Amino acid sequence: MTGFGVQDFIRSDPHHAPMHSAVSMVAQGGLYVAAVLAVVVWLTVPRPEKVAMAVEMVVGLVAVAILVRLAGVLHTDPRPFVQDPSIHPWFSHPADNGFPSDHTAVAALTAFVVVRRRLGAGLALLAIAVLIGAARVLAHVHHVQDVVAGVAIGLLAALVGAVVWRSVRESTLVRRVTGGAVSVETASRGSDRAP
């Protein structure tokens with residue numbers, strides 16, 4: 001029985017339909033859960049942290065878009081269902097380049113931005129990012145290397161966002177928006193206290 005993997009086992013038994021549905025839901029909707037949790041964290045941090053998180057996320061999302069596009073140009077990895085026509089994805093998906101996983105990259109970016117402010121929430125978001133990546137592999141829309149590259153891109157994008165924030169945090173506009181000067185400690189490490 002070569003080629004009979006976990007995915008085939010789950011798909012072959014109707015009793016495993018809930019597992020199939022759960023994996024597909026995480027693969028497709030997990031990013032929404034990560035976004036909601038990040039917004040909840042954003043609502044609980046002090047105003048200067050809100051501005052820092054917003055800047056880091058916007059810059060990070062732009063960096064993710066650029067890095068995902070660049071990585072896709074530099075490396076092509078056909079999706080599992082394209083590479084092997086006997087494999088069927090668990091949900092409808094275009095047969096484009098699977099490298100890297102942009103869902104995983106955005107989820108990882110979100111986790112790395114949040115972890116600087118709230119360690120527990122950030123680690124939970126990192127776990128969600130890993131679950132999203134694993135679900136996308138299990139659902140036959142990505143290979144493991146696509147997901148690993150997505151996490152690396154998310155980390156790099158978060159670092160770019162943090163560097164940009166550091167370079168603009170003392171500007172007049174930022175001081176006006178945050179209601180005063182942003183301390184180096186608040187801007188770089190985040191508040192470890194609950195509001």
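Read-outs throughout are calculated quantities, based only on the coordinates presented, and are distinct from any laboratory measurement. Nothing here was measured: the structure is a model prediction, and the numbers come from that model. Neighbour counts run over all protein chains shown; Cβ positions are idealised from the backbone, glycine included.
Table for the structure above
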read-out: Förster radius 22 Å - calculated FRET efficiency between Val144 and Val33 (Cβ-Cβ, nearest 0.05); value: 0.50
read-out: Virtual spin-label span in nm between Leu43 and Asp84, 7 Å along Cα→Cβ; value: 4.4 nm
read-out: Ascending count of other beta-carbon atoms within 10 Å, so fewest first, for His140, His93, His75; value: His75, His93, His140
